[in-house]
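*Asks:* I'd like to ask some things about the structure below.
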Amino acid sequence: MGAYLFKRLVSLIPILFGISVLVFTILHLVPGDPASIMLGTNATEESIAALRKSMGLDEPLVTQYLTWVGGLLQGDFGVSVHSGEEILPQIIKRFGITLQLTVFAVVIGWLVAIPFGIISAIRAHSKTDIAVRVATLLGISVPNFAIGTLLLLVTSLYFNWFPPIDVVSFWENPLEAFKVFVLPATTMGIVVAAGVMRMTRSAFLETMDKDFIRTARAKGNSKWTVVMGHAFRNSSIPIVTIAGMQIGYLLGGSVIVEQLFSIPGLGQYVLEAIYQRDYPVVQGGVLFVALVFVLVNLLIDLIYTWIDPRIKY
């Protein structure tokens, strides 16, 4: 296990290197000069040139990239060209908010998806199964911004309630945090539930046809003993796989929901930086999300060995 973990951590180096090159290249291909955007249309050529020099934008692209990567290797993500703040503390702060939103969404999604996915599988082709499959299809098909807008309309028009704007940590005030995150987390949780529900149903249908399930039934075990005691763990690997992928996608792709509900998370931070052509913030934010995504996938691989001891690395 130790050797496998070491190899996986070493493999992060070329992955992150490739992502850094890709992000850096794409950003510098985007039309628009950050210095001109910051100074406005009335700025003189001299002031724009001076700002470009202070930001290092007058250097060759290779030099700019090497300077940026050299700072990253020392734990320095640079400074925002728009606000002048250090980027890494802001990324960590904003990521904490996005992480709370993601965890809340995942909990909501799993609490709905796994029970209904199991019920759908053990009652295959029944009215309950058809209803679950239709709900799953709707959850996958409808975009999250449409779901979020609908939730806002329903809660505001029919219940005269709006989520608070000021974000509060769950550790500080769980009730206020719940009020802040319940609608955006539900918006994301519906998408999570749809994917996990479909995978849960598929995995259980496959497992319930195995010989060891028939043997457990032949021994006189009750239906739920067979389902939860024998089928659940053996169906967990594909469920954990898709759940882990969803966590990574939610951490990096919550920008629409954060923007819709005015959640000052990492996605909103990076989106604002894109509008402002704040290259260091965008580069640092995307690279940080990529690192988290890869680490989540590594954690999922390690969980496999706990679910199924037959898996060896």
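*Asks:* Among the hydrophobic types (A, V, I, L, M, F, W, C) and either exposed (fewer than 14 other Cβ atoms within 10 Å of the Cβ) or not assigned by the TED database to the domain that holds Trp224 (or both), is that true of Trp161? Let's see the steps before the verdict.
*Replies:* Values: among the hydrophobic types (A, V, I, L, M, F, W, C): yes; either exposed (fewer than 14 other Cβ atoms within 10 Å of the Cβ) or not assigned by the TED database to the domain that holds Trp224 (or both): yes.
Answer is yes for this residue.
*Asks:* Would you mind stating whether Phe170 is at pLDDT below 85, more than 25 Å from Ile92 (Cβ to Cβ) and out of contact with any strand residue (DSSP E or B) (no Cβ under 9 Å at 6 or more places or on another chain)? Lay out the reasoning, then the answer.
*Replies:* Working: at pLDDT below 85: yes; more than 25 Å from Ile92 (Cβ to Cβ): no; out of contact with any strand residue (DSSP E or B) (no Cβ under 9 Å at 6 or more places or on another chain): yes.
Spelling it out, it is not the case that Phe170 is at pLDDT below 85, more than 25 Å from Ile92 (Cβ to Cβ) and out of contact with any strand residue (DSSP E or B) (no Cβ under 9 Å at 6 or more places or on another chain).
*Asks:* Only one of (1) open to solvent by 30 Å² or more (accessible area, probe 1.4 Å); (2) within 23 Å of Leu291 (Cβ to Cβ); (3) in contact (Cβ under 8 Å) with a residue 40 or more places away in the chain; (4) not assigned by the TED database to the domain that holds Ala290 fails for Leu27. Which number is that?
*Replies:* Every listed condition holds for Leu27 apart from (1).
*Asks:* Can we say Leu151 is under 19 Å from Gln246 (Cβ atoms) and aliphatic (A, V, I, L, M)? It would help to see each step written out before you state the result.
*Replies:* Details: under 19 Å from Gln246 (Cβ atoms): no; aliphatic (A, V, I, L, M): yes.
Considered against the rule, which asks whether it is under 19 Å from Gln246 (Cβ atoms) and aliphatic (A, V, I, L, M), Leu151 comes out as no.
*Asks:* Is it the case that the range 196-213 has a residue that's part of a helix (DSSP H, G or I) and without any contact (Cβ under 8 Å) to a residue 12 or more places away in the chain? Break it down stepwise before answering.
*Replies:* Narrowing the range 196-213 to residues part of a helix (DSSP H, G or I): 196-207, 211-213.
Subset that is without any contact (Cβ under 8 Å) to a residue 12 or more places away in the chain: 211.
Within the range 196-213 (the criterion being part of a helix (DSSP H, G or I) and without any contact (Cβ under 8 Å) to a residue 12 or more places away in the chain), the answer is yes, since at least one residue qualifies.
*Asks:* So which residues in the range 94-145 are among the aromatic types (Phe, Trp, Tyr) and either surrounded by 18 or more Cβ atoms within 10 Å (Cβ to Cβ) or under 13 Å from the mean Cα position of the chain (by Cα) (or both), if there are any at all?
*Replies:* Going through the range 94-145, the residues among the aromatic types (Phe, Trp, Tyr) turn out to be 95, 104, 110, 116, 145.
Within the range 94-145, Phe95, Phe104, Trp110, Phe116 qualify.
For (1) within 15 Å of Ser236 (Cβ to Cβ); (2) in the same structural domain as Ala124 (by the TED database); (3) under 23 Å from the mean Cα position of the chain (by Cα), each residue gets a yes or a no:
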| residue | (1), (2), (3) |
| --- | --- |
| Ala185 | no, yes, yes |
| Met188 | no, yes, yes |
| Val196 | yes, yes, yes |
| Thr200 | yes, yes, yes |
| Ala203 | yes, yes, no |
| Asp211 | no, yes, no |
| Thr215 | no, yes, no |
| Ser222 | no, yes, no |
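The values are calculated or read from the model by the stated rules, or taken from the named source; none is laboratory data. Since this is a predicted model, take the numbers as computed values, not measurements. Every residue, glycine as well, gets a Cβ built from its backbone with ideal geometry; the counts of neighbours run over all protein chains shown. Just so you know, the surface numbers come from the protein's heavy atoms only, side chains and all, with ligands and any DNA or RNA stripped out. Shrake-Rupley method; radii C 1.70, N 1.55, O 1.52, S 1.80 Å.
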